[in-house]
Each structure stands twice: as structure tokens, then as C-alpha cells.
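The values are calculated or read from the model by the stated rules, or taken from the named source; none is laboratory data. This structure is a prediction, so every number in the text was calculated from the model and none was measured. Reconstructed Cβ throughout: ideal geometry from the backbone, glycine too, with neighbour counts over all protein chains shown.
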């Protein structure tokens, strides 16, 4: 298959790797020609890391499948699927989707990586709006495989299904979001948990380190290979409904204290920032991000072998 | 050190393994003598599983350190630390803590495994209330290392610290909860996320399987080795405060739709139950629990090697 990558920032680069790793030919384009050259160098580095971690076998072959092109028209020529990853600005999405819709063959799927703008906000007036949708990754998608797929009300069901198939075909883990909503599912769940986490620290029950330990040495372990529903399904003798009936009372009582919709206060932000900087000085952030990516690679390799 | 295990159900058995694995002598007692004999057999089985997974090296030595005793007095004789794991009933906690406080040497720490009853509810009138507190595990604690440590307002700070040291000494990951609260930290976070998860399914945005994929192939990966605060700290160029300022607006907007304190409706419970049963029939629950424990063991081994 031929894939068009529209926008070659961090997200676009990672998508290029995902599709090329999956065996597809990738045309990568960016409004800024310098950005594309820069992207090629960064891709080479990331592919080397993946190879060193034992996650891919043919780095040269993978890189050879990624071509930089000079125009959007070239990127879309012959592409069955296009993945747009420009900055999160509505006007830019409107402009690029209008161009993509005008240039691409009618059967090309046009997907956006946006994490916050619903497809209906920038595709309504397009002739080909039925082939436009969101395919929202987590960065970097070659290490974190979930992809949230969410159409506008006018997106063809067949386009949703083709996007799902494309993603599954390259080893990603697609999730269908049936209706548009703020933040899709992943950030909604993250937001609900973060809101409680900020509140617990703000009210002095726990500090940032203790809260992170509670998740990384407790709650997050089962979630990392089962998710929250399978976790509770296995946590009561008779399954999920049994669990819900046993613990509804407890969780409902807690929820009465979990309703604040305030903005995060500058006080709690600064308290948390100070606690984090005591654990990790600012000049160590970059090194720690590289550590995180190595840990994600090791976890991906572990999960692959555990699932075999 | 000598450890008293009070109550030999699933939680008590698992604690016996944790302390014996840590090199301590364990006296295990239960109000029902038949339960203790049963517990010994189950412990032998669990220790064999840990040995097969490469997580312990001397199963016979570990088992030899666990002694069943016939009276609570024998269990507490010479014990520096006692861990109570009876059923979650306030009257039982009051009764057993009164007995433990009367029988144990004044310096013995008296800890309860309760996940839902604060220490102040059953220790207020005890002469030795200053040495009583909660040490709440996740089941099974030999695979999920977090322990929430939470005293009553009258618990001595030195007792909290000794409990922390005991836990760290046997390889658990203790977290200090500074003030009593409903559900401690782990279940508060789980409750906040589950409430949003139930809501998203109830309103038709996603199904149970898609939500679990979103977590196990996305959100849960970084949380399983970093926790939520370190995750966001590394997700903005300048760290946590930078992230909070960038995304407060988005999360605050979502929170306006995340305030329901209703009980989980029977409709959504049955919808989720039906979706789970389509993925995993009821007669496969037990086999899947064994799979979960094998995956937890494999993940523990992976994390151990990744952290070395």
C-alpha cells in the first residue's frame, strides 16, 4: 500500500516509521522543506534504537520505504491512505483538509492525528467529507500501539472500517469511538484520574512520589495488560456485574468527594512541580525521556513475548 | 524478625509468603484451625508457582519459615510486627484488635490489611492505639508490591516509619497516606477512572473491549513503570508545571462532563457484563485468573530485570 504522511514533525515521523515497519511505501511531505530533511535524520536515529532493542529486523529496508517528497500532490499521488499531523490549530486543519480533499483520489482515506479537534470541526464543507476522520495516536505510536478512530457524523462506516484494517495491518491496536466527544477516550480517562491525583496532593493526603508508586507498583500493573474492565471482571467471584454490585456503594461514596471542576490551582501545580524537581532536576528531563523510551521498548518486547 | 499473621484467608496466605520470602519467621494463626491447614496447602502451591516463574530461589526454605500456631497468643509471642487480614467487618476488627493489643508486647506493631475501614474506627479505645495502623496491600502482595500505610490521628509517627521499613525490607513498595480518607489512594484513583469508564460505555462512546484496549495498549503502559505524575512531567518540554499550564484548559472542559455521583445503573452494569461475557464466558473466569497471575509474574520478572 502507499501511505501519505502530511506534516513531518515528531508525530509525522513516528507514523512514517509505523507504516514503513508495516511494509508500506511512505511518501512524507511537509510545508517546510527543511523540516523534511531534519525528519529523515531523526527517523534514522529512531529506527536504529528500535533495531538495537530487537523490535525490528531490517532497519535499512524500513528506511528505504520512506521517501521525502516536495509537494502535497506528490505525497498523495497513488496513496490509499493519508495521515495528517500538523499542529493543533483549527485553521490549519481546515486549510490542509481542503487541499487534501481536492488533490487526493476519491477513494483515499484522509485521517488526522489531532488529539483535541473533532473531525466535524474541519471537514463539514468538503466534497469528500465522508472519507475524513480522526486516527489519534499516542506518542510515539511505534512503541504505544493504541489508535483512537473517531469519525464525524458524516464519515462513511466503510472508511472507519478501512482505517481500522490499515491500523491493525501495521500492528497498531485500533479502538472505535462511536461518537465525537471532547478528548476522545484516552484523555478522558487520563483526565479523570489526574483530577483525583491533583486533588489528593492538594489536600495533603499523599505526595507526588507516593501517588506514582501507588500506580506503577499497584494499579498500573494489571491495567498494562488487561485494562480496567477485565481487571474488575476477574476481581469478583462471578465477574464484572458481581464486582459492580459489591463495590458500587464504596465508589459512589467516594464520588461525592470527586466532583470538583475547578481549574488546577497554581498552588497545587507549584507544589507538584517542586516535588518533581526534587526527584528529577530540570536538566535531567531529556535523559529521563530517553530512559522512558528505552523502558517502553523493553515493555513492548516483554508484552510481545508474553502474548506469544 | 518474627511476624504474626492473623487470619489465614487469601490475603493472610499471601502476606505469609511475602514475609517468609523476605527472610522472616512467620507465625500464622486463624480463628478456624481447619482454615490454617488449608492455607498451608495453598501456600505450598503458590510458592511452587513463584519458583517456576524464577521469582524465588529456595521454596523449601521459604515454606519452612511459615509455622501454623493454634492460639493468637502463640502467634504474637515474640513478634515485632503483626498483620491482621480478617474479613472487612468493623465488629471483627474491633474485637481482634482489642485481643491483639491485650496480648502483644507493647512494642509490637499492629497492622490491618483492610481496604475500606480507617484505623480510627476500631482502635480509638485501645491502650496501645499508638501502635495500630493500616497496611493495605493489593492482592496478591507477592506480585503487586504497593502497600498503602495509613495511621489514625493517634498513630505514632515512629510506628508508621517502622511499618514502612518492614515493608521496604521485604521488597514491597510502601506509600505513606498522611491523613485518613475513604478508600485510601489506590481505590480513589481506580474509582475516578472507573466512573468515567462506566459513563463512556453508558453513553455509547466506546465498548468495554475498546476501553480496555485504550488502557492496556496506551495509557497503562507508561503508568506501569512511571505513574501518572512522572508521565506528564516528561510529556511537556519544561516538565509538570508546563504540562499543567498547557492542558489545564482541556482537562477542565472535560471535567464539566465528569461530575456524576449517581450509583452505577443496572443498565450499564448489565451492558458491560454482557460485553465481558461475550469476550470471556463465565466458565473461563477461573482459567483467566490463573493467566492474569502468570502475566503478573512475568511482568514482575520483566520490571526487575529492566530496573537492574
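Quick look at the values:
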read-out: Selection status of residue A:305, under 22 Å from residue B:186 (Cα atoms) and facing chain B (nearest Cβ under 9 Å); value: no
read-out: Set A:191, A:151, A:183: member being surrounded by 20 or more Cβ atoms within 10 Å (Cβ to Cβ), closer than 21 Å to residue B:200 by Cβ and modelled with pLDDT under 95; value: A:183
read-out: Count of the range A:23-49 residues which are part of a loop (DSSP other than H, G, I, E, B) and touching a helix residue (DSSP H, G or I) at 6+ places or on another chain (Cβ under 6 Å); value: 1
read-out: Number of the condition not met by residue B:206 [criteria: (1) within 25 Å of the chain's Cα centre (by Cα); (2) under 30 Å from residue A:304 (Cβ atoms)]; value: (1)
read-out: Selection within the range B:156-179 - more than 9 Å from chain A (Cβ to nearest Cβ) and within 19 Å of the chain's Cα centre (by Cα); value: B:160, B:161, B:162, B:163, B:164, B:165, B:166, B:167, B:168, B:169, B:170, B:171
read-out: Residue identified as over 20 Å from residue B:265 (Cα atoms) and surrounded by fewer than 19 Cβ atoms within 10 Å (Cβ to Cβ) among A:263, A:245, A:302; value: A:263
read-out: Residue B:266 vs. criteria more than 30 Å from residue B:50 (Cβ to Cβ), modelled with pLDDT under 95 and assigned by TED's automatic domain parsing to the domain that holds residue B:207; value: no
read-out: Some residue of the range B:92-114 being more than 8 Å from chain A (Cβ to nearest Cβ), closer than 24 Å to residue A:195 by Cβ and buried (at least 24 other Cβ atoms within 10 Å of the Cβ); value: no
read-out: Output for the range A:53-80, where each listed residue is in a helix (DSSP H, G or I) and farther than 19 Å from residue A:13 by Cβ; value: A:73
read-out: Some residue of the range B:185-193 being part of a strand (DSSP E or B) and either at the interface with chain A (Cβ under 7 Å from one of its Cβ atoms) or in contact (Cβ under 8 Å) with a residue 24 or more places away in the chain (or both); value: no
read-out: Filter result for the condition that a residue is in a helix (DSSP H, G or I) and either assigned by TED's automatic domain parsing to the domain that holds residue A:43 or in contact with a strand residue (DSSP E or B) (Cβ under 9 Å, 6 or more places away or on another chain) (or both), over A:144, A:160; value: A:160
read-out: Selection status of residue A:204, under 30 Å from residue A:121 (Cβ atoms), surrounded by fewer than 24 Cβ atoms within 10 Å (Cβ to Cβ) and at the interface with chain B (Cβ under 7 Å from one of its Cβ atoms); value: no
read-out: Filter result for residue A:86 (surrounded by 13 or more Cβ atoms within 10 Å (Cβ to Cβ), in a loop (DSSP other than H, G, I, E, B), within 25 Å of the chain's Cα centre (by Cα) and touching a residue at least 12 places away in the same chain (Cβ under 8 Å)); value: yes
read-out: In the range A:163-180, the residues that are assigned to a helix (DSSP H, G or I), touching a residue at least 60 places away in the same chain (Cβ under 8 Å) and surrounded by fewer than 22 Cβ atoms within 10 Å (Cβ to Cβ); value: A:169
read-out: Qualifying residue in the range B:281-292 (condition: facing chain A (nearest Cβ under 8 Å), part of a helix (DSSP H, G or I) and more than 24 Å from the chain's Cα centre (by Cα)); value: yes
